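Below is one structure, written out as structure tokens; the observations come after it.
The values are calculated or read from the model by the stated rules, or taken from the named source; none is laboratory data. The model shown is predicted, which means the values in this text are computed figures rather than measured ones. Every residue, glycine among them, receives a Cβ derived from its backbone with ideal geometry; neighbour counts consider all protein chains shown. Please note that ligands, DNA and RNA were not included when accessible areas were found on the heavy atoms of the full protein model with its side chains. Shrake-Rupley method; radii C 1.70, N 1.55, O 1.52, S 1.80 Å.
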2 protein chains.
Amino acid sequence: MTDAAPALDPAPPGGPVVDDEVVGNVEALVEGGERGMVLNLVADLRAADQATLLRHLPLGAAREVFAWMPGEARSLVLPELEGAERGGLLDGLSTDALVALIDPLDTDDQADVLADIELDQVEKVLVLLEDALDVEALLSYGDDTAGGLMGTEFVAVPASATVAEATEAVREKAATVDPVFVVYALDGAGRLVGVVPLKRLLLARADALVADVAEPDPIAVEPDLDQEEVARVMERYDLVALPVVSAGGRLVGRITVDDVLDVVREEAEEDIQRAVGITGEEELSSSVFAVSRGRLVWLLLGLCGAYVSGLVIVGFEEALQVAPVLALFIPIVMAMAGNAGIQSSAIAVQGLASGDLWSSDLARRLGKELAVALLNGVVLALALALIVVVSGFGEDPARLALTSGLALLVVIVLSTLIGATVPLGLSRVGIDPALAMGPFITVSNDILGLTIFFAVATLLYL
Amino acid sequence: MTDAAPALDPAPPGGPVVDDEVVGNVEALVEGGERGMVLNLVADLRAADQATLLRHLPLGAAREVFAWMPGEARSLVLPELEGAERGGLLDGLSTDALVALIDPLDTDDQADVLADIELDQVEKVLVLLEDALDVEALLSYGDDTAGGLMGTEFVAVPASATVAEATEAVREKAATVDPVFVVYALDGAGRLVGVVPLKRLLLARADALVADVAEPDPIAVEPDLDQEEVARVMERYDLVALPVVSAGGRLVGRITVDDVLDVVREEAEEDIQRAVGITGEEELSSSVFAVSRGRLVWLLLGLCGAYVSGLVIVGFEEALQVAPVLALFIPIVMAMAGNAGIQSSAIAVQGLASGDLWSSDLARRLGKELAVALLNGVVLALALALIVVVSGFGEDPARLALTSGLALLVVIVLSTLIGATVPLGLSRVGIDPALAMGPFITVSNDILGLTIFFAVATLLYL
């Protein structure tokens, strides 16, 4: 035997294995009723890749493939799907079929799947689940809280137990708790007092006490903590599992890092969506009406805001009649006021989201933004003045260049400072600062920018 | 003894412990030269919280506290800081001091810290490091690749080894590899053939073969894979550690999930920054000039774009002279074209970033966006028409309402479709689609929107 491990092959480093071509092939096979070939193909995929396949198949074909898949694979693919996709696949299944699908999952995933099936089914399915009580408790927590993220699968032993007993506890729970990163040490009242990483358990003597090998002062959170804060705690302390304890300190669940990875991406996506004026949480699988509604709120508010901007322009109608060339600057002022404001607000929102920027940093922040705004304002003002002079617009290009450049400088400085201030102000009063970043800043800066521009132009140019 | 574990206390569930007040107190203590009190306070903090403290102190005070801290704590706090902050603290330290600080870190952190010290110091420090060869190899990989993320700390054994031998390997590496999640199984040529989670190692018989307890077909990536793709792989398969293998399949490093959490946040922040027209990577600690430069590129391009929009308006000067009320609609058209486009582009960019949207989904995507755009366009057109009629603007409000509503509908539909198409197109030719999301879409939609509006208005209203 020359090879050390004949049963194992070197890993092919790989990205996704499901692409357009695979999806097209499976679709054709499903249409042809080639159940065996489809199942062979699906069996070679990991659960996450099966989910990718189902996601990109037309719903009819996806339901067919899902129906063909063996029970365990059907269960495992569910947590990998988005809510609306899960709903589509599970729609119309019997209570018994749902129970069989959901029971093998971790309790946190069970709760998530239950949230996507028809309401009258939820009650019926819930009572039949093995961990009904745990899952019901999990469903009582807010979706976006530590309680909503945690599962009740963990290994815990009294701090007075031996390492051998702790190892035995891992063995007993091995089938239901996967992965196991740590064993939690509890005091007599069930309160969390220490954490034993598996490495320590592996290396300690069998008769050593858990209390002696445990890391003291474990980091833990309460169930009602917001998921964004949960993510920050796990990020800050580089944790792969975070215990959740009741107000009394009793261990009630644990959050694993894979769920937090999803949270970080989700929250970042939410911030971008807020920034572009999408309310709710638009997903690729959201319905046309849900998408429309989510985008329309801010579009309508934006319409009203832009109408006010329009009134500002109409208010300076006389100036425009005297010097029609001023209309040239309307889009310039709007673009610059909007952009400068959204840039500084984006940085403030990011700093607040990562926890690195505190609302008490306002003064320091404004000082820096003022310096940046003055620098950029001067450059942009000179560029605009140059454009005006070169184009030779207006009756007195030099004066028009001076006027428009000066107005632009003022607009840039004010817009930048407003962009930097509003998120910090909102955060201080407890409103999501990401709300400020997009349409709100853009609209208010448009109105302000146009007013300033026409006021300066009326004063200096007419 | 009534309490099971007298040495351990229940965990106080906690968020951050460093806030304004703590920072203020430490600053005052540093000014008073109260070294002992500062050190007591700092000793109670975890490394990540010490970093928060240093970050929020004025640089002078931060350098003083850092100089006072004991050697090990100084090392541990370094990976928790941002590049510019690290540079500020390490500036002016001797080669020996730097070596002492950097040597205890994981190799990936050593490489990161080296990137932030003065160039003439790097060479001198590098040769004196214990793991000089490993670190030098890591420095050769691109910052944003798997190689740039990985460390060379891992536990690997031949697949032919026994579980007892693997456990012994964990023990030998216990001091340098922390945390240990898995033991890697290698074939005779050093190629990765399996992964043994610690749980399996803990539960298996001591004389079992690693080849028999290892999970086969491990997921691995090559060193030159982009970090965004690395994050997607770890997210998709819920991994806490990802092995990195050379083209030949040899194990060369591992990436831990905490680094990937940072990547996900970083990439999301980068996408937002691209979206608001910030090039480079602006951090809170970036210098005024770096910030200015990063924001100015797109502001200048935006200025040029807006100038073209202005030319469009000036081109319709006659129409504006005949019906000055048309100026009212300039901000409305610009706001709606920009917003609708940025909304649909944001969703496309997010779908591409998460890997859920493929560029081949274009047709399906456009169909849905068209439906949304028609729906929202009709609602917004009606709202605008209502506003015009109620306000009684123009000489023929009914016709103006019809004209402006119709023009708005066309603008919304086209802007939405452009927003949805451009990111997918850019992605197909290998350009970061986030670039499209912000200024680019806004500027092009402004120009297009204004042209369409004035063309329709000239045709139907004048």
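If each DSSP helix of 4+ residues adds -39,500 (n - 2.57) and the sum is divided by the residues in chain B, what number results at 222 nm, nearest 500 deg cm²/dmol?
On the way: 22 runs with 286 residues, N = 462.
Helix contribution divided over all residues of chain B: -19500 deg cm²/dmol.
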Open item on the list: What are the ³J(HN,Hα) couplings of the stretch B:203-216, residue after residue, when phi is run through the Karplus curve with 6.51, -1.76, 1.60 and θ = phi - 60°? Round to Hz, x for glycine and proline.
Closed with: 9, 7, 5, 4, 9, 5, 8, 4, 4, 8, 9, 6, 7, x
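Taking beta carbons within 10 Å but only from partner chains, what does the mean come to for residues A:237-246? Before the final figure, lay out the partial values.
On the way: counts 6, 11, 4, 7, 1, 0, 2, 1, 4, 1.
So the per-residue partner count for this stretch is 4.
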TODO: Quantify how strongly other chains surround peptide B:272-279 by giving the mean number of their Cβ atoms within 10 Å of each of its Cβ atoms.
DONE: 6
Open item on the list: Can you list which of the DSSP-assigned H helices in chain B have a Cα extent of 24 Å or more along the long axis and an average Kyte-Doolittle score of at least 1.0?
Closed with: B:288-315, B:329-354, B:362-391, B:397-428, B:441-460
Open item on the list: Nothing charged except the Cβ atoms of Lys and Arg (+1) and of Asp and Glu (-1): what's the magnitude of the dipole of chain A about its Cα centre? Round to the nearest 20 debye.
Closed with: 2160 debye
Task: For the A-to-B rotation axis, chain A residue with nearest beta carbon and its distance in angstrom - done: A:ALA268, 2
Open item on the list: With every protein chain kept in place and ligands, DNA and RNA left out, what is the accessible area per residue of the stretch B:156-256? Probe 1.4 Å, answer in Å².
Closed with: 38 Å²
Open item on the list: Counting only other residues whose beta carbon sits under 9 Å from that of B:ARG236, what net charge do I get with K and R as +1, D and E as -1?
Closed with: -2
Task: Principal axis box of the stretch A:288-460, alpha-carbon based, largest edge first, Å - done: 52, 42, 25
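With +1 on each Lys and Arg Cβ and -1 on each Asp and Glu Cβ, and nothing else charged, work out how big the dipole of the protein assembly as shown is about its Cα centre, in Debye to the nearest 20. Before the final figure, lay out each step's value.
Details: 52 positive and 138 negative charges, 587 e Å.
Dipole about the Cα centre, nearest 20: 2820 debye.
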- [ ] Mind pulling the per residue volume of the convex hull built on the Cα atoms of the stretch B:359-462? Å³ is fine.
- [x] 95 Å³
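Per residue, how big is the convex hull of the protein assembly as shown when only Cα atoms are used? Give it in Å³.
On the way: hull volume 170.1 nm³, N = 924.
Cα-based convex hull of the protein assembly as shown, divided per residue, equals 184 Å³.
Normalised by the empirical 2.2 N^0.38 Å for globular proteins, what value does the Cα Rg of the stretch B:125-202 take?
Numbers: Rg = 14.3 Å, N = 78, 2.2 N^0.38 = 11.5 Å.
The stretch B:125-202 yields a ratio of 1.24.
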- [ ] Per residue of the stretch A:142-148, in order, report the coupling 6.51 cos²θ - 1.76 cosθ + 1.60 (Karplus, θ = phi - 60°) as ³J(HN,Hα) in whole Hz, putting x for Gly and Pro.
- [x] x, 3, 9, 10, 4, x, x
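One quarter of the convex hull surface, Cα atoms only: what value does that give for the stretch B:156-256 in nm²?
Numbers: hull surface 24.7 nm².
If you wrap the Cα atoms of the stretch B:156-256 in a convex hull and average its projections, you get 6.2 nm².
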TODO: Quick one: compute the contact order of chain A, relative version, from alpha carbon pairs under 8 angstrom and 6+ residues apart, as a percent.
DONE: 11 percent
Open item on the list: Which residue, B:GLY302, B:VAL233, B:PRO243, has the largest displacement toward the positive end of the dipole of chain B when charges sit on each Cβ (Lys, Arg +1; Asp, Glu -1)?
Closed with: B:GLY302
TODO: Could I have the simple spin-label model distance between B:ALA208 and B:SER285, label points 7 Å from Cα toward Cβ, reported in nm to one decimal?
DONE: 4.6 nm
Open item on the list: If N is the number of residues in chain B, what value comes out of its Cα radius of gyration divided by 2.2 N^0.38 Å?
Closed with: 1.31
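Chains B and A: buried accessible surface, both sides, probe 1.4 Å, rounded to 100 Å²?
Numbers: alone 24830 and 24810 Å², together 36640 Å².
By this definition, chains B and A bury close to 13000 Å².
When the Kirkwood radius is taken over all Cα pairs of the stretch A:20-149, what Stokes-Einstein diffusion coefficient follows at 25 °C and 0.890 mPa s, in µm²/s? Mind showing how you got there, number by number?
Details: Rh = 15.3 Å.
Answer from the Stokes-Einstein relation: 161 µm²/s.
In whole percent, and with a 1.4 Å probe on the protein chains, what portion of the accessible area of the stretch A:149-226 is carbon and sulfur?
Working: 1660 of 3130 Å².
Here it works out to 53 percent.
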Task: Check: the stretch B:64-124 dipole with +1 on Lys, Arg Cβ and -1 on Asp, Glu Cβ, in debye - done: 180 debye
- [ ] Over the alpha-carbon set of the stretch B:85-217, divide Rg by the Kirkwood Rh and report the Rg/Rh ratio to two decimals.
- [x] 1.09
Open item on the list: Strictly over 22 Å apart at the Cα level, which of A:LYS124/A:LYS173; B:LYS124/B:LYS173; A:LYS173/A:LYS199 would you flag in this model?
Closed with: A:LYS124/A:LYS173; B:LYS124/B:LYS173
